[in-house]
Amino acid sequence: MTTRFHRQPTIIRTERGLTIAGTRITLYDVMDYLRAQYPHKFICALFRLTDEQINAVLVYIEANRAEVEAEYRLVLEEAKELQHYWRDQNRELIEKIAKMPPPPGKEVAWEKLQAHKAKLQARLASKA
């Protein structure tokens, strides 16, 4: 008598896109770290994935690279559009917060933070 085990797929399509079954983690979440060349063990620890799950992700991406890459590009474009939308929606609030004085007793830390921000903005401006 032969017993057949039906394995559930590890990668499924949900309303969020290609997702690791039993989680809310999309392949696109994992791809951000894969593209940045993080070690697989780090990615597993970060997302609490098993070796089986990360291996299934890697196999799926390799087997369906063109499709996954195309969807990943769309996800990145949508995320960028949302970021711009919310930045525009909250521009007045952000400007109002930026003009607020430092909290009482935090003036020294505030000055250090402002100096660090100015230094960072100057560095970013010189790269542009």
| remark: Close lysine pairs (the stretch 11-127; alpha-carbon distance under 29 Å; 8 or more apart or on separate chains) counted at 20
| Within a Cβ distance under 12 Å of TYR72, other residues only, what is the Lys/Arg minus Asp/Glu net charge? | -4
| Rounded to the nearest 20 debye, dipole of the chain from Cβ charges on Lys, Arg, Asp, Glu | 460
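In the P(r) worked out for the stretch 11-127, what percent of Cα pairs fall beyond 18 Å? Don't jump to the answer; show the numbers that get you there.
Values: 4540 of 6786 pairs.
So the portion of pairs separated by more than 18 Å is 67 percent.
Read-outs throughout are calculated quantities, based only on the coordinates presented, and are distinct from any laboratory measurement. This is a predicted model, so every value here is computed, not measured. Cβ sites come from the backbone with ideal geometry, for glycine too, and all protein chains shown count toward neighbours.
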